[in-house]
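Visitor: Questions regarding the structure given below will be posed in turn.
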Amino acid sequence: MTTFSGGDLRRMLSRLRDVMAGGGEVQGRLDKVVKLIAKDLKADVCSCYVMRAGEVLELFATYGLSQRAVHLTRLRVGEGLVGEVAAHARALALADAWSHPLFVYRPETGEDFFRSLMAVPMIQAGRVVGVLVVQTREDRPFNDWELETLETVAMVIAELMAAAQVVKREELFQAEGNALLPVRLTGVTLNPGVGIGVAVMHKPHVRIGRLVSDDPKAELARLHKALNTLRKEVDTLIGGARGEAAGFGDILEVYRMFADDRGWINRISEAIASGLTTEAAVQKAHDDTSIRMQQLSDPIFRERLQDLDDLSNRLLNILNGGSLSPELPENAILVCRSLGPTELLEYDTMKLKGLVMEEGSPTMHATVVAKTLDIPVVAQVKGAHSRIDAFDQIVLDANVGQVILRPADELLDLYSSTVEAHAQQVAAYAAIRELPAVTEDGIAISLCLNAGFLIDMQNLFETNADGIGLYRTEMPFLSLPSFPDVGTQQSFYAQVFAKAAGKSVTFRTLDVGGDKIAAASANMPEDNPALGWRSIRLTLDRPALLRQQLRALIRSAAGQNLRVMFPMIASVAEFDAARRLLDIELECHADRHEEMPASVKVGTMLEVPSLLWQLDKLLKRVDFISVGTNDLLQFIFAADRGNTRVASRYDALSPAALRILRMVVEECEESGVDVSVCGEMAGQPLDALVLIALGYRTLSMSASGVGPVRAMIRGVRLSEIEPFVAQLLNSTEASVRERLRAFVRDRNILLG
Ligand code: PEP
Ligand code: MG
């Protein structure tokens, strides 16, 4: 093969177009196409494999291989080099194809004489529809230009084939009885669990018919009418059975504020003024914002984008007079690119057994909702939307981030028993819910919950936790364009108190910035956001923000016990400054003769290592501290908790971490200050066991941890574990996790 020029490529593409556009049988045209490519690229072979139903690639046309093999040779996606290219939609260029481990020899093709191979996927509308292959007798390497040339040719053929309807889409992807084969897609787990059901495609994008209008006034009137309907719809959702009553009031409230965002409405109005119809203007405002937001690497902005998608779609639906409430089959696995919180709540969530997203992130609102409803979620599944078809049977194994399409019967049986076992385990934890978390040797542990949304409050009673050890107040507000006023905040906190029904709640003041960038700080990107202007630093620099929040908390706590906790405190001076603001607000409240909280307790998170060297001073000032091991460990080990390459490099169960945790609990005991742990460790049974052995008596965790940790505590004799853990503090191993596991296994301690 000799190198090709740009002019050669253009000429070849135009000849290809002529052949495909010409009359005659499709087969005849494709035969001409492969011959033309082989000749122009001076290759000995050119073959075109086409994707058939059941993810099978069929040799459709070839120049150079035996004609006997045409329509006979079939390879499954993932099988052989051709299958490999289709599976990953990635080109391969090999000087010696035979020596590649994935090479499969198909005698009927007569390919014995051909050594080198270059294969590229044919992609149309985001789907792999075939594979184009060239081969030569000599074993020779291909250069990048040759590969790019073949890729361009493949793309053009795929489009031309689609236009000529060489293989109809339905023919390709519709069920063909048992010809359908299982396929595994991988993604990232956002909520673990297993779900079995049939695929339901989240509603396709609304098509816009009319684009241009010469009556902007009428269009503006349509916009305002549609916006009114939109607000009413959201209000109905908030007030309805799936809104406030279900505990989603705060998420939806935030969402409604976003729907009132002047910036968004102005952008649509401007587009209308420029001559677009309302629909086209909504789409344009959406596209412009998406492009801008996608250029920002900040995940929180991408989450706002999902809310915007949700709102834009809702508005387009209203303009089109459509409905957003699709019926679900009994067991449904919802497949979508991404999803807004109201879109998810619009479905009958009792029937939802899983959620597959092509995009999606852990802190997006839809994930929060799914977690609360215990719906397994796998996100960032490449090609989910294009490779899954409606009514495909799906096993969603969110424990390992996998989506299995059209599973074999044996696999289905296996997973059905997993679902059954999970249900039994949930029932077993529910059965011990009322039993105290006391060790066999009589040590009582207080189990509390971490919460961030009103909906989390219902878990307080479902798990029978003792209280809320960490209420992350920033959660519902993260995606807002501007911060909610005192009244709105007060109403949220009052609802939290009401739902806690007398159990204690520790409100952590705003912890924004770092991985939780709020709109307020987002236009100032930082090189090291985790070490940057975040959390208490941000709110001490914007005292009005912190004072408003403290005011809202004090007002909502009338007659209640108020517990306030400051995050990311790095020095005693910072704590003093924050505490001063709280005292000012308490005084103002008293001056207004408004009802005071029954009591006020003030504490801090221990997340920044510098505080370890001021603990003695700090402990004289605080009522309690809570160790935020998520942040503390990332700073101690200098390992970014959000960076998958290093996040799990250093184990929480390492001698260094355990020694620090031991030191903290000892100092707190000496000073008589309550101490708890509210990082992820607290909800992992083995880690929790170690924390208890180190002396911690209060653990705060997500709801899913309470059952397993309670079960573990009830089955352990602390006096046996304590000396072993004490001894591990002197270890020099990177992690003592395995040694602990073995110890626990020998004593038959249940770890969930
Ligand atoms: C922590 O850092 O351990 C913690 C509980 O806070 P967050 O995870 O909200 O940063
Ligand atoms: Mg933290």
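Visitor: Would you mind classifying the range 6-171 by shape? Square roots of the alpha carbon gyration tensor eigenvalues, ordered a ≥ b ≥ c; an a/c under 1.5 is rounded, otherwise it is prolate if a/b is larger than b/c and oblate if not.
Guide: Judged from the Cα gyration tensor, the range 6-171 comes out rounded (a/c under 1.5).
Visitor: Over the range 587-653, one equal point on each Cα, no solvent: what is log10 I(q)/I(0) by the Debye formula at q = 0.12, 0.21, 0.24 Å⁻¹?
Guide: Evaluating at q = 0.12, 0.21, 0.24 Å⁻¹ gives log10 I(q)/I(0) of -0.50, -0.88, -1.00.
Visitor: At a Cα cut-off below 12 Å, give the aspartates and glutamates reachable from Lys617, other chains included and same-chain residues fewer than 8 away excluded.
Guide: Asp576, Glu667
Visitor: Would you mind telling me the antiparallel percentage of the DSSP bridges in the chain, rounded to 5?
Guide: Here the antiparallel bridges make up roughly 55 percent for the chain.
Visitor: From the Cα gyration tensor of the range 437-746, with a ≥ b ≥ c the square roots of its eigenvalues, which class applies: rounded if a/c is under 1.5, or else prolate if a/b is larger than b/c, or else oblate?
Guide: It is prolate, given that a/c is not under 1.5 and a/b is the larger ratio.
Visitor: A further question on this structure: Rg (Å, one decimal) plus Dmax (Å, integer) for the alpha carbons of the chain?
Guide: Values for the chain (Cα only, Rg and Dmax): 30.4, 95 Å.
Visitor: Provide the packing ranking of 448-457, 309-318, i.e. peptides ordered by the mean count of other C-beta atoms within 10 Å per residue, highest first.
Guide: Highest to lowest by the protection proxy: 448-457, 309-318.
Visitor: Past the 31 Å Cα-Cα mark, which pairs from Lys232/Lys382; Lys284/Lys382; Lys284/Lys351; Lys353/Lys601?
Guide: Distance filter (> 31 Å) returns Lys232/Lys382; Lys284/Lys351; Lys353/Lys601.
Visitor: Calculate how steeply helix 299-319 sits against the longest principal axis of the alpha-carbon atoms of the chain, using the helix alpha-carbon long axis, and give the answer as 0 to 90 degrees to the nearest 10.
Guide: Result, in degrees: 70.
Visitor: For the range 1-94, report the % of Cα-Cα distances exceeding 15 Å.
Guide: Everything past 15 Å amounts to 66 percent.
Visitor: Assuming R0 = 51 Å, what is the FRET efficiency of Ile265 and Ile432, from their Cβ-Cβ distance, to the nearest 0.05?
Guide: Efficiency, rounded to the nearest 0.05: 0.45.
Visitor: Which length gain, in nm to one decimal place, applies between Leu102 and Ser274 when the Cα-Cα distance is subtracted from 0.36 nm times their residue separation?
Guide: That pair, Leu102 and Ser274, stretches by 56.3 nm at full extension.
Visitor: Estimate the FRET efficiency between Asp348 and His593 by the formula 1/(1 + (r/R0)^6), using the beta-carbon distance for r and 60 Å for R0, to the nearest 0.05.
Guide: 0.75
Visitor: Let me ask something else about it. Taking 0.36 nm per residue of sequence separation and subtracting the Cα-Cα distance, how much length would be gained by fully extending the chain between Asp413 and Leu540, in nm to one decimal?
Guide: Separation in residues times 0.36 nm, less the Cα-Cα distance, equals 40.1 nm.
Visitor: Let me ask another. For labels at Arg697 and Lys620 in the simple 7 Å Cα→Cβ model, what's the distance in nm?
Guide: If labels sit at Arg697 and Lys620, their model points lie 2.5 nm apart.
Visitor: Under the 0.36 nm per residue contour assumption, what length would be gained going from the current alpha-carbon distance of Gln458 and Glu327 to full extension?
Guide: 44.5 nm
Visitor: First select every other residue whose beta carbon is under 14 angstrom from the beta carbon of Leu59; then total the charges, Lys and Arg +1, Asp and Glu -1.
Guide: Taking every other residue near Leu59 into account, the sum is 0.
Visitor: Let me ask something else about it. Go ahead and estimate [θ] at 222 nm for the chain from helices alone: -39,500 (n - 2.57) per DSSP H run with n ≥ 4, summed, over the residue count, rounded to 500.
Guide: After summing the helix terms and dividing by residue count, I get -13500 deg cm²/dmol.
Visitor: Moving on to the next point. Measure nothing but the geometry: give the 0 to 90° angle between the long axis through the Cα atoms of 737-746 and the longest principal axis through the Cα atoms of the chain, rounded to 10°.
Guide: 80 degrees
Visitor: Okay, moving on. Run the numbers on the chain and let me know its relative contact order in percent, using alpha-carbon pairs under 8 Å that are six or more apart.
Guide: 9 percent
Visitor: Next question. Using only Cα atoms and rounding to the nearest 10 degrees, what angle (0 to 90) does helix 278-295 make with the longest principal axis of the chain?
Guide: 80 degrees
The numbers here are math on the coordinates, done by the rules we state, and not lab data. Owing to the predicted nature of the structure, the values given are computational and were not obtained by experimental measurement. Cβ coordinates were reconstructed from backbone atoms using ideal geometry, including for glycine residues, and neighbour counts include every protein chain displayed.
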